[in-house]
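The values are calculated or read from the model by the stated rules, or taken from the named source; none is laboratory data. Here the structure is a predicted model, which is why all the values come from computation and not from measurement. Every residue, glycine as well, gets a Cβ built from its backbone with ideal geometry; the counts of neighbours run over all protein chains shown.
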Amino acid sequence: MVDWSGHAGQSTEYRYRPPPATPSSAGVLDVRDDEDVRRLRSLIWPEEADRFEVLDRAVAIARSAPAPITRGDLLTDLVAVADGAPVDATLVVYSAVLGYLADKQRGTFRDELAAPAAERPTVWISNEGPGVVVYLPIPDGPVPFVLAKDGVPLATTSPHGDWIAWLP
């Protein structure tokens, strides 16, 4: 439990509970598809209108040099996707969705990640809520995410990329 007394002039109490589990195979949005871009735009909060311009620039860059997209299930397809990468390449895995999985599913993800890591250089960058990958005491203010490399905390961040605070 964190006491947020005095935060923004309010006295509130916060108890972290992970969100309910959701299907891990919700799919991938492809910025080459106009309908997927419309779906991405619908996720921008109305009061953050400047993000529309940022998204539009990012979409233009991604469309000019599209990366390969592999649709699959985070919990069952990671090894197969990694096997398709060049053998001399470092595998970089980024996660920001594990908070939507149950603890057992998070363990399955870690097991899936361990298989390619045993055979090639692998880096796991995570930006998840506190306690999802790494436990850190929650500081005063808005609840941050924890940016970590291979499970080692590097910084706290805004869940939506507004700020980053590097850890000592």
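Yes/no per residue for (1) closer than 23 Å to ALA80 by Cα; (2) in contact with a helix residue (DSSP H, G or I) (Cβ under 7 Å, 6 or more places away or on another chain):
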site	(1), (2)
PRO116	yes, yes
ILE125	yes, no
TYR135	no, no
ASP140	no, no
THR157	no, no
TRP166	no, no
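Can you find a residue that is part of a helix (DSSP H, G or I), farther than 15 Å from GLY151 by Cβ and acidic (Asp, Glu) anywhere in region 80-91?
Yes, region 80-91 has at least one match.
Just the residues that are surrounded by 13 or more Cβ atoms within 10 Å (Cβ to Cβ) and assigned to a strand (DSSP E or B), please, taken from region 130-164.
Across region 130-164, the qualifying residues are PHE145, VAL146, LEU147, ALA148, PRO153, LEU154, ALA155, THR156, THR157, ILE164.
Checking LEU74 against (1) surrounded by fewer than 15 Cβ atoms within 10 Å (Cβ to Cβ); (2) modelled with pLDDT under 90, only one condition comes out false. Which one?
(1)
Against the definition (closer than 30 Å to TRP45 by Cβ and in contact with a helix residue (DSSP H, G or I) (Cβ under 8 Å, 6 or more places away or on another chain)), how does LEU98 come out, yes or no?
Yes: the conditions hold for LEU98.
Restricting region 53-76 to residues that are under 23 Å from ARG106 (Cα atoms) and not hydroxyl-bearing (Ser, Thr, Tyr), which is nearest to the chain's Cα centre (by Cα)?
Among them, the one singled out is LEU74.
Evaluate the following for LEU167: is it surrounded by 14 or more Cβ atoms within 10 Å (Cβ to Cβ) and either more than 13 Å from the chain's Cα centre (by Cα) or modelled with pLDDT of 90 or more (or both)?
no
Please work out which residue is surrounded by the most Cβ atoms within 10 Å (Cβ to Cβ), limiting yourself to region 92-110 and to residues that are assigned to a loop (DSSP other than H, G, I, E, B) and small (Gly, Ala, Ser).
ALA96
Got a sec? Which of VAL28, VAL37, VAL59 is of a type in the set (Val, Ile, Thr), surrounded by 10 or more Cβ atoms within 10 Å (Cβ to Cβ), outside any helix (DSSP H, G or I) and modelled with pLDDT of 50 or more?
Numbers: VAL37 fails: outside any helix (DSSP H, G or I); VAL59 fails: outside any helix (DSSP H, G or I).
The conditions single out VAL28.
Checking ASN127 against (1) more than 12 Å from the chain's Cα centre (by Cα); (2) surrounded by 14 or more Cβ atoms within 10 Å (Cβ to Cβ): exactly one of these is not met. Which one?
(1)
What are the pairs, 6+ residues apart or on separate chains, where a residue within region 64-78 that is more than 17 Å from ASP30 (Cα to Cα) has its Cβ under 7 Å from a residue that is at pLDDT 80 or above?
From region 64-78, the pairs are LEU75/GLN105; LEU75/THR108; LEU75/PHE109; LEU75/GLU112; LEU78/GLU112; LEU78/LEU113.
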